[in-house]
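Taking it in order: structure first as structure tokens, then the write-up.
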Amino acid sequence: MKALLWIVLVAGLAANVVFSLIEDGALKIAVNVTTGVLVLAAIAGLVMLRHRSRL
């Protein structure tokens, strides 16, 4: 599970950077929002896994 969250995090960041440099307009906004939500969810999942393993 942790590996999948790391993959989602890195892929989301990479997609955000690539589309920020390439696209313009509504597609850029939609992709940035979507990847931003995915990155935040992956970070939250990694933090939850870390706290759960400490208990």
Quiz item: Which angle between 0 and 90 degrees, to the nearest 10, do you get for helix 26-54 versus the longest principal axis of the chain when only C-alpha atoms count?
Solution: 10 degrees
Exercise. Lys and Arg at +1, Asp and Glu at -1: add these up for the other residues within a Cβ distance under 12 Å of G45 and post the number.
Key: +3
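Given a cut-off of under 8 Å on Cα pairs at least six residues apart, what relative contact order in percent is computed for the chain? Spell out each step's value before the answer.
On the way: 32 pairs, mean separation 26.8, N = 55.
That works out to 49 percent.
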Quiz item: Using Cα atoms only, what is the angle between the long axis of helix 2-22 and the major principal axis of the chain, expressed in degrees (0 to 90) to the nearest 10?
Solution: 20 degrees
Self-check item: Paramagnetic label zone (point 7 Å from Cα along Cα-to-C-beta, S53; backbone N under 14 Å) in the stretch 3-30
Solution: 3-7
Quiz item: So how much slack lies between A15 and I29, counting 0.36 nm per residue of separation and subtracting their Cα-Cα distance, in nm?
Solution: 3.8 nm
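No lab work stands behind these numbers, since they all come straight from the coordinates. Owing to the predicted nature of the structure, the values given are computational and were not obtained by experimental measurement. Note that each Cβ is placed from the backbone with ideal geometry, even for glycine, and that neighbours are counted across all protein chains shown.
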